[in-house]
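A quick write-up on the structure given underneath.
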Amino acid sequence: MRWFDLSESDRTQTRELSRIADDVSERIIEAFYAHLLSDQTAARHFRGADHIARVKQGQSRYFRELISADVDDSYIADRRRIGSIHERTGVTPTLYIGSYAYYLNKLALEVQQQMPEAPEKAFTLILSLFKIAHFDMALALETYVDAREETIKARERELSELPTPVLQLRPGLLLIPVVGTLDSYRARTLTVQLLEGIKEHRARAVVLDITGVAAVDSAVANHLIQSMAAARLMGAHSVLTGLSAEVAQSLVKVGVTGEALNTAGDLQRGIQLAENLLKG
Amino acid sequence: MQAQEPVDSQIQAIRRDADVISARQMGRRLAEDMGFGRPDQALIATAISELARNIVVYAGYGEIEVSVVRQGHRQGLRIVARDRGPGIADLGSALADGYSTGNSLGLGLPGTRRIVDDFDIRSTPGEGVEVTAVKWRRQ
């Protein structure tokens, strides 16, 4: 709130409007909805006259709060709630801010007309209104962003919980294609799946193919080394395939040595190598 | 050896693993635009990965900035990794191979230093870390 320079004096200013609020709000809201419904994209958000009447009622409460409510936690919570409704129903930020701008303009004009004898006072009042309106918009947009962040995080969780398939190529030989991002959570899951796969299939050799891993750095290499070491303890040799030339070079420069990782040039050779390990 | 101030720069906030990938891609794209060869592009991407990963693991929040720097006729890609995390108490150890306070290979910082041309690290315990690394384009 400090960022918006909102103070008690702004509140005192805008409360001046309370006297004329009901009269003014009705006119503005009528004009506002006429404007909204004239736009096809905006009109899509309304289902019939009942719905419009209800939203208009909400709008008039919103208006009263805009000029006179205490800007406290419950105010903020309410504005955020409105933001989340907008986000869920697909009201775009453009539509939201555009509507607010129209609304604010109408309101400013009203204020100016209502106070012809005190233009300076009208001006400071309008400034105070602008501050509060921007604060409102910021809250609503924060809610939009938060909601999207939540969606992204949920997707990331879903992705990282995607099971890694453990394929049996022939008795004793497993192929595990690793795809996506190997963060520490997924790396742990990979290790568990690898070890369970070894146990279940009584595998003695495993080919780990990382062609589909988005980024290989020392942290990912570390995860792989640990998984392969754990596999070794379970009695299975593992072969790593799918390292591109560039990745191999960077890993060596970073200091990951080839000894810790049993690698093969491509999948085919990896499988051959694993078969040799099975025989040997 | 102070390089000139960058002409333009791109910033990626680092908050979680997915941001590490975004920062990597941002750096790789810039390296490609600047005409770095594919091996160098991979090195730059790896350096960014290591630095960004450190931010996620040790500081939780920070940013990676990549920019083009010039020095005489040379052109380089500069990576700056900043965070406001706990900082590094012992820089000497942090730059040594195999040293890690987390459960890692301990190659992040020394590894990054090996794959870039200029490397500078500043840290005040309690105030965060700033790593600056430059890879010059071979003429």
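The values are calculated or read from the model by the stated rules, or taken from the named source; none is laboratory data. All of these numbers come straight from a predicted model, not from anything done at the bench. Ideal geometry is used to build each Cβ from the backbone, glycine not excepted, and the neighbour counts take in all protein chains shown. Ligands, DNA and RNA are excluded from the accessible area calculation, which covers all protein heavy atoms including side chains. Shrake-Rupley method; radii C 1.70, N 1.55, O 1.52, S 1.80 Å.
Criterion applied to A:Val179, A:Val166, A:Val216 was being buried (at least 18 other Cβ atoms within 10 Å of the Cβ) and under 24 Å from B:Met26 (Cβ atoms), and the one residue passing it is A:Val216. For the range B:92-125, a residue qualifies if it is open to solvent by 50 Å² or more (accessible area, probe 1.4 Å) and either part of a helix (DSSP H, G or I) or farther than 30 Å from A:Leu261 by Cα (or both), and the qualifying residues are B:Gly92, B:Arg113, B:Arg114, B:Asp120, B:Arg122, B:Thr124, B:Pro125. Scoring A:Leu194 on the criteria (1) closer than 24 Å to B:Ser100 by Cα; (2) touching a residue at least 24 places away in the same chain (Cβ under 8 Å) leaves a single failure, condition (1).
It is to be established whether one or more residues within the range A:264-275 are within 25 Å of A:Ser160 (Cα to Cα), crowded, with 19+ Cβ neighbours inside 10 Å, among the small types (Gly, Ala, Ser) and in the same structural domain as A:Tyr185 (by TED's automatic domain parsing). Within the range A:264-275, not a single residue is within 25 Å of A:Ser160 (Cα to Cα), crowded, with 19+ Cβ neighbours inside 10 Å, among the small types (Gly, Ala, Ser) and in the same structural domain as A:Tyr185 (by TED's automatic domain parsing). Would the range A:125-139 turn up any residue that is within 14 Å of chain B (Cβ to nearest Cβ) and either small (Gly, Ala, Ser) or open to solvent by 70 Å² or more (accessible area, probe 1.4 Å) (or both)? Within the range A:125-139, none of the residues are within 14 Å of chain B (Cβ to nearest Cβ) and either small (Gly, Ala, Ser) or open to solvent by 70 Å² or more (accessible area, probe 1.4 Å) (or both). Which numbered condition in (1) more than 14 Å from chain A (Cβ to nearest Cβ); (2) at pLDDT below 85; (3) open to solvent by less than 30 Å² (accessible area, probe 1.4 Å) is the only one that B:Gly87 fails? Exception for B:Gly87: condition (2). Applying the condition of being assigned to a strand (DSSP E or B) and within 14 Å of another protein chain (Cβ to nearest Cβ) to the range A:197-246 and asking which residue is nearest to B:Thr101 (Cα to Cα) yields A:Val213.
Applying a threshold of 7 Å to beta carbon distances and a minimum spacing of six or more residues, or different chains, the list of pairs starting in the range A:142-168 at a residue that is basic (Lys, Arg) and ending at one that is exposed (fewer than 13 other Cβ atoms within 10 Å of the Cβ) is empty.
Exactly one residue out of A:Thr151, A:Thr189 is more than 17 Å from A:Gly270 (Cα to Cα), assigned by TED's automatic domain parsing to the domain that holds A:Asn262 and not in a loop (DSSP other than H, G, I, E, B), and it is A:Thr189.
Filtering A:Thr41, A:Thr14, A:Thr89 for residues that are under 25 Å from A:Glu142 (Cα atoms), assigned by TED's automatic domain parsing to the domain that holds A:Leu125 and more than 32 Å from the chain's Cα centre (by Cα) leaves a single hit, A:Thr14. A:Leu194 falls short on exactly one of the conditions (1) surrounded by fewer than 22 Cβ atoms within 10 Å (Cβ to Cβ); (2) assigned to a helix (DSSP H, G or I), and that condition is (1). Being part of a helix (DSSP H, G or I), of a type outside the set (Asp, Glu), within 28 Å of A:Asp23 (Cβ to Cβ) and at pLDDT below 80: is that true of A:Arg54 here? Considered against the rule, which asks whether it is part of a helix (DSSP H, G or I), of a type outside the set (Asp, Glu), within 28 Å of A:Asp23 (Cβ to Cβ) and at pLDDT below 80, A:Arg54 comes out as no. Just to be sure, is B:Val57 facing chain A (nearest Cβ under 9 Å), in contact with a strand residue (DSSP E or B) (Cβ under 8 Å, 6 or more places away or on another chain), closer than 23 Å to B:Val129 by Cβ and outside any strand (DSSP E or B)? No: the conditions fail for B:Val57.
Rundown of residues vs (1) within 30 Å of B:Val116 (Cα to Cα); (2) open to solvent by 10 Å² or more (accessible area, probe 1.4 Å), yes/no style:
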position	(1), (2)
A:Glu200	no, yes
A:Val206	no, no
A:Met234	no, yes
A:Glu259	yes, yes
A:Leu278	no, yes
